[in-house]
1. Identify all residues within region 45-84 that are open to solvent by 60 Å² or more (accessible area, probe 1.4 Å) and touching a residue at least 40 places away in the same chain (Cβ under 8 Å); write none if there are none.
2. So Ala27 ticks every box in (1) in contact with a Ser or Thr (Cβ under 9 Å, 6 or more places away or on another chain); (2) part of a strand (DSSP E or B); (3) open to solvent by 20 Å² or more (accessible area, probe 1.4 Å) but one. Which box is left unticked?
3. What are the pairs with Cβ atoms under 6 angstrom where one residue, in region 139-152, is surrounded by fewer than 24 Cβ atoms within 10 Å (Cβ to Cβ) and the other, located anywhere, is part of a helix (DSSP H, G or I)? Sequence gap at least six, or different chains.
4. Leu39 versus (1) among the aliphatic types (A, V, I, L, M); (2) open to solvent by 60 Å² or more (accessible area, probe 1.4 Å); (3) more than 15 Å from the chain's Cα centre (by Cα); (4) modelled with pLDDT of 95 or more: which is the lone unmet condition?
5. Checking Gly157 against (1) modelled with pLDDT under 95; (2) under 20 Å from the mean Cα position of the chain (by Cα), only one condition comes out false. Which one?
6. Glu102: touching a residue at least 12 places away in the same chain (Cβ under 8 Å), farther than 30 Å from Asp24 by Cα and more than 13 Å from the chain's Cα centre (by Cα), yes or no?
7. Return yes when Ser96 is in contact with a His (Cβ under 7 Å, 6 or more places away or on another chain), of a type in the set (Ser, Thr, Tyr) and either open to solvent by 10 Å² or more (accessible area, probe 1.4 Å) or in a loop (DSSP other than H, G, I, E, B) (or both) and no when it is not.
8. Condition first: at pLDDT 95 or above, out of contact with any helix residue (DSSP H, G or I) (no Cβ under 9 Å at 6 or more places or on another chain) and farther than 24 Å from Asp46 by Cβ. Can you find one or more residues in region 236-244 that meet it?
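The values are calculated or read from the model by the stated rules, or taken from the named source; none is laboratory data. Owing to the predicted nature of the structure, the values given are computational and were not obtained by experimental measurement. Ideal geometry is used to build each Cβ from the backbone, glycine not excepted, and the neighbour counts take in all protein chains shown. Just the protein is used for accessible areas: all its heavy atoms, side chains included, with ligands, DNA and RNA removed. Shrake-Rupley method; radii C 1.70, N 1.55, O 1.52, S 1.80 Å.
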Amino acid sequence: MAGDQPAKPRITPFHFRRAKERGDLIAMITAYDAPSARLAEAAAVDGILVGDSAAMTVLGHDSTVQITVDEMLVLTRAVSRSVYKPLVVADMPFGSFQVSDEEAVRHAVRLVKEGGAGAVKLEGAGPTLTRVKAIVGVGIPVMGHVGLTPQSAVALGGYRVQGRRARDARRLLDEARALQGAGCFAVVIEAMPAVVAARITEALEVPTIGIGAGPACDGQILVWHDLLGLTTGHVPQFVKRYADLGATAKGALAAYVADVRQRKFPDDQHTYDMAEGERELFELDLKEGDRKQGGSRL
């Protein structure tokens with residue numbers, strides 16, 4: 001980021017691991033642009049996830065699967081060039097890692113090299129484990145993700161809480177352990193009973209980042225638009241709204257429209273004037289031009 005750099009060092013995956021060892025909680029936010037990233041850094045977040053949720057919150061799609069790698073690159077660059085300290089993690093969108101290890105590495109390299117991300121995030125376990133190993137193998141840190149994985153929400157039966165039954169809870173624990181074994185430096189655990197998240201957090205040496213997973217996780221993450229009240233429509237139960245900026249923005253826009261239509265904006269305070277004495281010269285020049293044009297038509 002341009003300008004003076006803070007005295008404290010940039011946060012890395014190493015700092016996430018150290019935070020868990022010390023018992024320090026990790027605060028992350030999902031954001032997608034330069035203004036949001038700057039505000040998040042000013043609030044001292046530890047990490048910014050450039051999430052594929054931008055497909056819905058920013059690009060107007062009805063799920064996360066439509067966003068492309070190129071679109072993720074635009075958003076990731078906007079965030080990474082705007083902050084210095086937080087760890088920037090880029091989501092790998094649907095289709096960017098499912099085909100093969102080679103494809104996964106190629107797209108992860110782009111998100112780091114072209115997008116400026118400090119790490120990437122992949123959803124799921126199973127076949128994803130070899131992708132994690134391949135990406136970590138070329139030196140790119142990977143954050144895992146288990147529980148409700150939006151890219152595979154259809155296969156999971158929709159956007160539902162995961163791990164309510166004992167066998168499903170055990171599967172989630174096994175998946176989180178497998179991701180740790182594959183080399184993930186942290187694991188996002190989403191939409192599961194708090195007791196399941198607590199057991200996963202206890203079992204892992206790497207930190208867990210919870211979203212709808214209770215208070216026992218090593219860190220928490222929420223989507224920018226959700227916590228600030230900018231999301232329209234359904235909001236998950238786990239979201240806490242810390243502001244209602246949507247209502248504020250709507251009121252401000254309505255006031256602007258009313259002022260324009262009533263000629264209250266712009267007023268003198270928001271209008272430029274000419275240099276002293278130049279207005280008179282301008283008016284005289286216009287009159288002279290009108291006189292000459294009028295004479296030529298006779």
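1. The answer is Arg81, and nothing else.
2. (1)
3. From region 139-152, the pairs are Ile140/Ala108; Ile140/Val112; Pro141/Pro13.
4. That leaves (3) as the condition not met.
5. Exception for Gly157: condition (2).
6. Numbers: touching a residue at least 12 places away in the same chain (Cβ under 8 Å): yes; farther than 30 Å from Asp24 by Cα: yes; more than 13 Å from the chain's Cα centre (by Cα): yes.
Yes; evaluated as a whole, the condition is true for this residue.
7. Details: in contact with a His (Cβ under 7 Å, 6 or more places away or on another chain): yes; of a type in the set (Ser, Thr, Tyr): yes; either open to solvent by 10 Å² or more (accessible area, probe 1.4 Å) or in a loop (DSSP other than H, G, I, E, B) (or both): yes.
Yes, satisfied.
8. Looking through region 236-244, at least one residue is at pLDDT 95 or above, out of contact with any helix residue (DSSP H, G or I) (no Cβ under 9 Å at 6 or more places or on another chain) and farther than 24 Å from Asp46 by Cβ.
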